[in-house]
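A quick write-up on the structure given underneath.
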Amino acid sequence: MAKDLDWSNLSFSYTKTDKRFVSQYKNGSWDEGVLTSDENIVLNECACVFQYAQTCFEGLKAYTTKDGKIVTFRPDLNAKRMADSCRMLEMPVFPEDRFVQAVIDTVKANIDWVPPYGSGATLYIRPYMFGSNAVIGVKPADEYQFRILVTPVGPYFKGGVKPITVRISDLDRAAPHGTGHIKAGLNYAMSLHNIMDAHRNGYAENIYLDPASHTYLEETGGANILCVTKDGKLVTPKSDSILPSITRRSLVHVAKEYLNIEVEERKIHKDELSQMQEIGLCGTAAVISPIGKIHDHGKEILVPSGMESIGPVLGKLRETLTGIQMGTINAPEGWIKEIK
């Protein structure tokens, strides 16, 4: 039976649910994994994750569609991206097919926590992995845990999608040939000071530029960037140090195949921002967050779409993708994985 929660007023925060998935890697192989009711993790004080931040994670959601099905969105891409993260961090890959099955099993075990259709809430799914045995020399761990937790979360935007104000940052999100293209916990730790400094100064996010020349757009601390030109093209930054956002890749497909919008994936010079008609950020949590204002070292860039609502192109993109996720628009083959 569904939990008796005020689904429409949930915050975007952690709530303990019934079960979580845990698999242990020891002696060169993964065990079968279990679903457990224990939400606590007990580790040695010298565990590699504490000493050298050997950890990565993913994020996806489960939804209730209009016709009552419970589904998740493109979990195979999360499995692949986590595999890429693990290889870069010298961690053992949790097999991609087992990853997808573990997501399904964990959602099924917490089916009463999946919010109802129309509530605006979703079940957030957080797969993650970390080095679990004691390591004091700088080297990879020998033992690992792969885990999946789920938690019901409210809509990212309370009261509708509202444009945000951001700033262009002097700090770097990732090194030119570093770990910017993987979902390593260390990338997010590095961004915490800068995002809190942005918040203290009245900005919702930082726009990071390429670390080599500080002239081309990269992404923000936790989302890819989308731009719409005055002639209606969707333009996204191209860089080897950007995280390959599943939401961005899905929006690009939707733009091309559903809305007949021309798409360019290329380097975007920061001076082009003032020439764009619409600008936004995209990611799992909000799908698209429109930007209304950008501060660039004393210069204010007012995005023509304004501070009142999302622009028409990004709005249509967001509406179409969420329609696909919620079952009101037919999805491309393989995008929706039914759980129940």
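Between ASN133 and LYS267, residue separation times 0.36 nm minus the direct Cα-Cα distance comes to 44.1 nm.
Please go through the residue pairs LYS162/LYS270; LYS183/LYS233; LYS233/LYS299; LYS108/LYS183; LYS61/LYS340; LYS80/LYS337 and name each one whose alpha carbons sit more than 20 Å apart in this structure.
LYS162/LYS270; LYS183/LYS233; LYS233/LYS299; LYS108/LYS183
Here segment 1-125 is treated as a sphere whose radius is the Kirkwood value from Cα pairs; by Stokes-Einstein at 10 °C and 1.306 mPa s it diffuses with a coefficient of 97 µm²/s.
Computing Rg and Dmax of the Cα atoms in Å for the structure here picks out one of (1) 20.2, 58; (2) 23.3, 74; (3) 22.6, 69, namely (1).
Quick one: what do you get for segment 53-177 if you divide its Cα Rg by 2.2 N^0.38 Å? Relative to the rule-of-thumb radius for its length, segment 53-177 sits at 1.28. Backbone geometry of segment 174-183 corresponds, through the Karplus equation with coefficients 6.51, -1.76 and 1.60 at θ = phi - 60°, to 3J(HN,Hα) couplings of 8, 6, x, 10, x, 10, x, 8, 10, 9 Hz, x marking Gly and Pro.
Based on protein heavy atoms only, segment 262-340 ends up with 48 Å² per residue of surface accessible to a 1.4 Å probe. Across the chain, the mean sequence separation of Cα contacts (distance under 8 Å, 6 or more residues apart), normalised by length, yields a relative contact order of 19 percent. Orientation-averaged projection of segment 26-97 equals 6.8 nm² [convex hull of Cα atoms, one quarter of hull surface area].
Using the 1.4 Å probe convention, the accessible area of segment 95-176 works out to 38 Å² per residue with neighbouring protein chains retained. Taken over the Cα atoms of segment 209-340, the convex hull encloses 119 Å³ per residue. Under 13 Å between alpha carbons, and skipping anything fewer than 8 positions from LYS256 in its own chain: which aspartates and glutamates qualify? Filter leaves GLU264, GLU265.
Distant-in-sequence amide contacts of TRP30, defined by a placed amide H-H separation under 5 Å and a gap of 5 or more residues or a different chain, comprise nothing.
Counting only heavy atoms of the protein chains and using a 1.4 Å probe, THR322 has close to 40 Å² of accessible surface. The relative contact order of segment 206-340 comes to 21 percent, based on Cα pairs under 8 Å that sit 6 or more residues apart. Heavy-atom surface analysis with a 1.4 Å probe gives segment 234-287 a carbon and sulfur content of 41 percent of its accessible area. Think of a 1.4 Å ball rolled over the protein heavy atoms: segment 205-244 then has 32 Å² of accessible area per residue. Couplings for segment 320-337, taken from phi via the Karplus curve 6.51 cos²θ - 1.76 cosθ + 1.60 with θ = phi - 60°, read 6, 5, 5, x, 5, 5, 8, x, 8, 10, 4, 8, x, 4, x, 6, 10, 9 Hz in order; Gly and Pro are left as x. Per-residue 3J(HN,Hα) values for segment 14-28, derived from phi via the Karplus relation 6.51 cos²θ - 1.76 cosθ + 1.60 with θ = phi - 60°, read 7, 10, 5, 10, 6, 9, 9, 9, 9, 10, 10, 9, 9, 6, x Hz in sequence order (x marks Gly and Pro). Taking amide H positions as modeled 1.01 Å from N, with prolines and chain starts lacking one, the residues under 5 Å from ASN224 and 5 or more places away or on another chain are CYS282.
The values are calculated or read from the model by the stated rules, or taken from the named source; none is laboratory data. Since this is a predicted model, take the numbers as computed values, not measurements. Accessible surface areas use protein heavy atoms only, side chains included; no ligands, DNA or RNA. Shrake-Rupley method; radii C 1.70, N 1.55, O 1.52, S 1.80 Å.
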